[in-house]
Every structure is written in C-alpha cells, then in structure tokens.
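Here the structure is laid out as structure tokens; the discussion comes afterwards.
The values are calculated or read from the model by the stated rules, or taken from the named source; none is laboratory data. Everything numeric in this text was worked out from a predicted model, so none of it was measured. Note that we place each Cβ from the backbone using ideal geometry, even for glycine, and neighbour counts take in every protein chain shown.
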Amino acid sequence: MIPWVPLARAAIPGTTQQLCLHRRGDLLEFSIQISGYVSELMNSRMHASEDALAELGCAVISGRPAPHVLVGGLGMGFTLAAALKALGPGSRVTVAELVPEVVEWNRGPLGECAAYPLHDPRTHVHVGDVAELLRQGHATYDAVLLDVDNGPEGMTHHGNDWLYSPAGLAAARRSLRPGGVLAVWSATPDERFTRRLRQAGFRVDVHTVRARPGKGARHTIWLAHRTQGAPSGPPRVRPADSRRSR
C-alpha cells in the first residue's frame, strides 16, 4: 500500500486542534484530518456530495442573471468549483474559510484536485468565520452553501454551533434575497435540525446523497428555501443519486 506523506499542519482558530494535510505518495490524492481523530475529515477522491451540495443549491437560483453565492468552508475546493461550474459568467461566489493555511493549500498543489477554483475571477475569498458575513444582516446572497463541519453541530470548531442555532438560522435567512436558498451538508440525518429550519421560517427539502456516484455512505443535504412566511406541512424528503464523503 502506498503510504500517506504528511505535508502540513494548521491550527484551527479558537481550538487546541490542528488540521493535518497528507498526500498519498506522488498520486493526486490528498487527505485532511483533525488532530486526535482517526477518521478523515475529507479526501480528494471522495467529493461527490460536496459537488451535490453546490449543484442542488445553485439549481434553485439558476434563472437569476447575476447571482451571488456564499460558500461556507473552502475545504479542498470541490463545492466552490461545482458552484462556479453551475453558475454563469455574471455570477459571484464568496468563499469563507476560517483557517488561512487551507486557502494557501488550495493555491498550491492541493488546488489541482478541483482545477484551481480560487483562480476563477468570479471567486472572492473571505479569510475568517462565515458567521461574520451572516451576522451583517443584509439580504446579500441568492444561495448560502454550508459545509463547515460534519453536520449541524460544531466538531472542528465549537463556534460553528451558532450557525445551526435558531439565532444563526435567523441570520442566514436575513442574508438571503427573496426566494434564496440555504443548503447544509451533514454526515447523518437530523430530524431536530429539520424542525429547527422550519421554525426559522424556511420551506425545507431533505435530500439523501451518496458518498460516491451510486455507492458509499448516505449523507444528508438540506435545502431551506426562504419564504415570506413560515411553511406548513412536513418537509419533503427526496433521495438523490448524488453523493458525498468525508
């Protein structure tokens, strides 16, 4: 078996943990782990549901002439790349990344995996917490795509808990233009979070996605549509033959 070679480490702001970047030999395969955890946070060979997060979210706003999309979490760049692919030349995508080194990794060899989406002129980078942008309270974005943790709880950074709280969801709703969508990725389903989204005034669709095309673990993507009033009725659950993995 080809061994993993450690390349770099980066402190996660506000925690005692680190992100650890590895590469498998000379192959174009990268892995990011959190110090102290055995399992991977993400792997460059398993990104189909990262793609699905952007594809599903951007499909909602596909008819808009100059959409502005916010991506929370750069990771390995796959969600950003998929959003850029789904949007037209007049679009703008702001990506917020808490860890500065992750941005530099994506500008270096890691960027080749997603075809260097940071080089796209439509991309704007915010080095800092995505919550800083959501707290501004302006209806700025047509879509907000959140992939900052392993689901609606803070694992890499406990400050992420705010994003999934009633206050955080209210801020996300205020940040969306009318008819906009909040898309959230999770490793597991969470009925409590579905109810919380509805209580925040969103109309909710729940998609089941696969870790790899047609196979692998099943993950969850919420599409929370901004409406003028609180919706009624249960959320719609839709399987997708989309994907994802960490």
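Of everything listed in (1) buried (at least 18 other Cβ atoms within 10 Å of the Cβ); (2) free of Cβ contacts under 8 Å to residues at least 40 places away in the same chain, the single unmet condition for Asn150 is (2). When you go through (1) surrounded by fewer than 18 Cβ atoms within 10 Å (Cβ to Cβ); (2) in contact with a Phe, Trp or Tyr (Cβ under 9 Å, 6 or more places away or on another chain) one by one for Pro166, which number turns out not to apply? So the condition that Pro166 fails would be (2). A single member of Gly77, Gly72 is closer than 25 Å to Ala167 by Cα, of a type outside the set (A, V, I, L, M, F, W, C) and touching a helix residue (DSSP H, G or I) at 6+ places or on another chain (Cβ under 9 Å), and it is Gly72.
For segment 194-226, a residue qualifies if it is hydroxyl-bearing (Ser, Thr, Tyr) and either over 19 Å from the mean Cα position of the chain (by Cα) or in a strand (DSSP E or B) (or both), and the qualifying residues are Thr208, Thr220.
Taken together, Ala81, Ala48 contain a single residue that is at pLDDT below 95, of a type outside the set (D, E, K, R), under 22 Å from Ala211 (Cβ atoms) and in contact with a Pro (Cβ under 6 Å, 6 or more places away or on another chain), which is Ala48.
From the list Ser44, Ser49, the one residue that fits, being crowded, with 22+ Cβ neighbours inside 10 Å, of a type in the set (Ser, Thr, Tyr) and within 23 Å of His219 (Cβ to Cβ), is Ser49.
For every residue, the table says whether it meets (1) β-branched (Val, Ile, Thr); (2) buried (at least 22 other Cβ atoms within 10 Å of the Cβ).
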| residue | (1), (2) |
| --- | --- |
| Leu28 | no, no |
| Val60 | yes, no |
| Lys85 | no, no |
| Gly90 | no, no |
| Gly111 | no, no |
| Pro117 | no, yes |
| Val130 | yes, yes |
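Restricting segment 182-193 to residues that are outside any loop (DSSP other than H, G, I, E, B) and within 17 Å of the chain's Cα centre (by Cα), the residue that is surrounded by the fewest Cβ atoms within 10 Å (Cβ to Cβ) is Phe193.
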